1. Read phi for every residue in the range B:138-152 and hand back ³J(HN,Hα) as whole Hz from Karplus 6.51 cos²θ - 1.76 cosθ + 1.60, θ = phi - 60°, with x for Gly and Pro.
2. Excluding same-chain residues fewer than 8 positions from B:K143, which lysines have a Cα within less than 24 Å of its Cα?
3. I'd like the trypsin sites (Lys or Arg not before Pro) in the range B:454-529 restricted to DSSP loop residues with at most 11 other Cβ atoms within 10 Å, sorted by number.
4. Taking θ = phi - 60°, what integer Hz values does the Karplus form 6.51 cos²θ - 1.76 cosθ + 1.60 yield along the range A:248-264, in sequence order, with x for Gly and Pro?
5. For a quick protection proxy, order the peptides B:388-399, B:351-362 by their average other-Cβ count within 10 Å, most packed first.
6. Could you work out the longest stretch of chain B that avoids the GluC sites (Glu not before Pro) located in DSSP loops with at most 13 other Cβ atoms within 10 Å?
7. Fully extended, how many nm does the chain gain between B:S699 and B:T170 (0.36 nm per residue separation, minus their Cα-Cα distance)?
8. Which whole number of Å³ per residue matches the convex hull of the alpha-carbon atoms in chain B?
Amino acid sequence: MKKKIFAFALSVLFVLPAVRLSAADDGLTGLQIADKIEASNVSSKGLVTKAVLELKNIASQDAEKRGCIMESVSENGLKKAAFRFTDSSYRGTTFLTLDKDGGDKITYIYLASVGSPRQIEASDRENNFVDTDFSNEDLGGSNTADYTYTRLADKKIGDMDCYFLEKAPKNKSSKYSKYQMLVDKTSFIPVMVKAFDKTGRLVKTIKMDNIKKVSDSIYVPYGITVVDVDKKHSSVITVTQAAEKQVNKGNFNKNKMDMKWPEE
Amino acid sequence: MIEKLLEKTLEIFKKPWMVIAAAVIITLAFIPGIFMLQIDNDIHNMLPKDNIVVKNYDRFEDIFGNKNLIFVAVESDNIYKEEVFNYVKNLQNAVLDINKTMPAENIAKKLRLTAGEGRELVNALNEQVIMGPDDVKALLTNKERLTGEAFLDAKFADKIVSACRGANFTNIYDAYHPPVKKVDSIITSDFIKGTGNKFSVMKLLDDGVINPKNIGEVKKRVDSWDMYKGLLVSRDNTSTSLLIQLSSKDVDTRSAVYRELKKITAAGKPADIKVSIAGEPVISYFMTESILHDISFLMPLVLITVSLVLFLSFKNFQGVFYPMTGLAVCVVWTYGLMGYCGIPVNIVSSILPVVLTALGSAYGIHFMNNYFLIHGAGKLDSIKKNITTVGVGIFTGALTAMAGFLALLSTKFMPLRNFGLFTGIGIFFALVIVMYLLPSMLLEIKRPKVNFPDEEEQGGIILKFLKWFNHMVQYNYNMLLVISLIICVVSVAGISMLKVEMNNAEFFKKNAPVRMDDDRMNRIFDGTQEMDLVIESKDGSSVLRPEILAKVDSYKKDVMEKFPRVKRVMGINDYLKKMNQEMSGGKEEDYILPESARKADDYLMLYSGALDNFVTPKHDGASYDIVINRTNTMSLEKIQKYTEEYFRDFAGQNNIKISVSGTGAMYILANNLIVHGEIEDIIISFIAVFIIMMLDFRSTGLTIVALWPIFVALLMDFGFMGIVGIPLNAATAIVASLAIGTGIDYSIHFIVKYRQEMAAMGDKKDVGEAIYRTIMHRGRSIMYNVLAVMAGFFVLLFSNFVPLVQFGGLVGFTMLTTGAGAVIMIPATLKYLEKGGKTLL
């Protein structure tokens, strides 16, 4: 009997921590990984990405393509990101996200006909960006502090080692009950995100693939696919060009959102 | 010809036990089919799928969602108090919780799994991308995926794969899909709030927190925008509604949601709060319940009633037991076949057992009456004689009845078409059973010692009637014919007043709870009926152009003025005006439409609430809800025509397409199909019956004489309906088929006997004497027949449904008029023609 108790004690002391360590052998918690995702793939110089956005009705296969540009820059550890449509009737429509001190974010949308930029309320962050399947959060408006993170056992997707996180919104009126994320350990890009509604059903997926290294520390997914399961609709961003280069800081000024970008 | 045909079948009686054994086997085979029957009263499923109205309804439902809402009214002396808000909040949460529990229950039911297995499977499905039936099928039929991706154990995976063999994956997907799409209430409805020169979208109740301050704010918000009054809050502030949008099209699931809703609304309801539930899905549920009640109550009642009539007619056990056994077998075969064919039971086909019992009893009466009248012959000889004499009349009668019902196949209204088909088949079954199973049973038992006197010797009140009929016919035939002509003229005038009404809510009696709830809801709020005005761009451009929006605004004003029952036309215009107002600082004068399509497009980009019920993502289509305080379908058709006319020229000039859709449009279509089907049905029935009788009688004159009482009876029916205000609907539309197909039975029996009497007279033909003998020898069985069928149909007077009550009364009345026509009008006409020197032989 004593031997059994001793064996049990040993297992508590050594085996269980070993199991725990195997899931988190780098010591990172879920929140820390989320912070790393936020801090990764940003440049103080600037990152410019040109892409084509394809909106597709999965049932009818009707599709529509639009050109877009995404720019981001990091200043004093605070990230600024902008997204702009460059053609179609949406030309000029711009989305801007600015990190604020203290971890919060402020987001604006600019519409040519309305004129001045409009701030997007925090309560609107889960809503879709215009007629795409991307939510305002997906385009950079996500605030790490709005969620709790749980790190689950790591997964390997093909050759890619991934962190496996589950995040749950702190706000009870959120549309979603939880998200599951697979994050590439090398690039810190979430290669797969699944969003579940309040009934526990998978209602949205975001897949990032064709990840390329565009500079020493910056990776860019050349393919981003968002699928809205309920609406049977998808939005696919296919990156055509991505480069770390100097960007005009004025592009991130909410009062100059009507300004034409040199990259257009 | 028919006699010779029947003679050839007499060989079958050499081995009657084989006929009985075959009948037992067939009956046992049909019983499982009965358990496969489903009740479906969804108006959508009653209409042809290839009709443009149905296609549009389906297409618009895919684009704008299902607008068949369940309305839950919460009444109190004043809704702006914490007690009401707490109740509404709990109610709303509980309704949304249905989405968590019901898919597992539904899946378990569909796949015959335990509750726990149902939950496990739904959890597995929840982890997958499930966009439609194909995704469900791909997962549930693949054991490797079930074990590898969904992590189910191998044994359970095997069970699922096995349960899914031959399954309908559209049904399974529908069962899995959360049944409740959206719930709008005074707590969670979107409110557009302006701040400076921008607007934001929030809920009517701030943060869902219930306190006096927030409730006061809700009242201000509700009063500030007329979108809510009459829809979410009654104009006197004593009621508020929850608008529940369902995503499931499955009839069972919708019923299950309603049942759950009943439980939820009762739980924790404060005493001073009153709750009513209404809407099309609720009406559909109650129709299902009432049909079940009708079938379980009326079927035994009709069996008892017809048995009683048979007993009074024959006064012996055999005369009741054998025909009734045959009728029960006939109903099992017919309903079993319907079940196997996947034909649903609805308000029309629910009366099929009553119709078959009533009609089949007539065949049984004629057969047994004649059987008992044959004295001195052996059993087999009696039966053979029976089949070649009265059997001819039964055969011809069944053939004409089948023709009458099968003529309903010309209609495109599915319940009538299916009813016609299966009643026709049922009558064929009844014919086979009466002609072969019934005699086989009689052959296998000892012939009862029945002292059944000749018709003329039976005496009683019926004999007095028959003698009186004969007297009238022989001496007052001219007056009788003049009276029938006067009836025709009055009836035609009545027909001009006939209305058509196919509206599920009107099917219930005024004191039925569902009708009372619906009436209450229509008194408190704007209305529970709706049609949709859908505007689509033909070239893909935005329909939010100022000229289109302005036209809709003027339409809204005009239609509400012209049709006071139209209480609101709700759509994207209301939201754009509010957004424009808030973007311009909230001034009242800025509650106007944006001046450009681009501005409207951009407002919608800024709007973070859900407007997919009103506008397409590309803004190339918009749907407006025409909310109507419940009215009849003919009024709905006037609104539809007015709307189409209003936009006709404008649509052409602006390259847009206008459609009036929604449940209201489907009821209008049902009305039109019933009317057109009715006219075609009557013409086809008459032609078919005319041909059958011509083949039998080989006399155009006799055929016309036989059809004459039916024609008068039909005119009387429709004239009576017009005069007393009974509308033509899915149930009353069948009366014509019954009148032609069944009423002719009496004429046939009368004329067959009349010809036999005339033939027996040889060269000394005397029409008056032949008429006398026919009335005396066939009159009694015709009257028994009329009484049995009338009694059978009068059982429907106890139905829960107004149209079935009307139908039962009308058919009973028709049987009386066609029966009287056979024993009075036919001889009167023959007598009249005799004076003109025509005997029609």
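1. Using θ = phi - 60°, the values come out as 4, 7, 6, 9, 10, 4, 4, 5, 4, 7, x, 9, 9, 6, 8 Hz.
2. A:K155, A:K156, A:K194, B:K109, B:K110, B:K155, B:K159
3. Working: sites: B:K464, B:K467, B:K499, B:K509, B:K510, B:R515, B:R520, B:R523; in loops: B:K499, B:K509, B:K510.
Sites meeting the loop and neighbour criteria: B:K510.
4. Coupling constants for the range A:248-264: 6, 4, x, 5, 9, 9, 4, 7, 10, 6, 7, 6, 6, 8, x, 6, 5 Hz.
5. Numbers: B:388-399: 22.9, B:351-362: 28.0.
Averaged packing, sorted descending, gives the order B:351-362, B:388-399.
6. On the way: sites that count: B:E149, B:E595.
Formally, the longest exposed-site-free interval is B:150-594.
7. Working: separation 529, 0.36 × 529 = 190.44 nm, distance 5.58 nm.
Extra length available between B:S699 and B:T170 comes to 184.9 nm.
8. Values: hull volume 165.7 nm³, N = 841.
Hull volume normalised by residue count: 197 Å³.
All of the numbers you see were taken from the coordinates with simple rules; none came from a lab. No experiment lies behind these values; they were computed from the predicted model shown. When we count neighbours, we look across all protein chains shown, and the Cβ atoms used for this are built from the backbone with ideal geometry, even at glycine.
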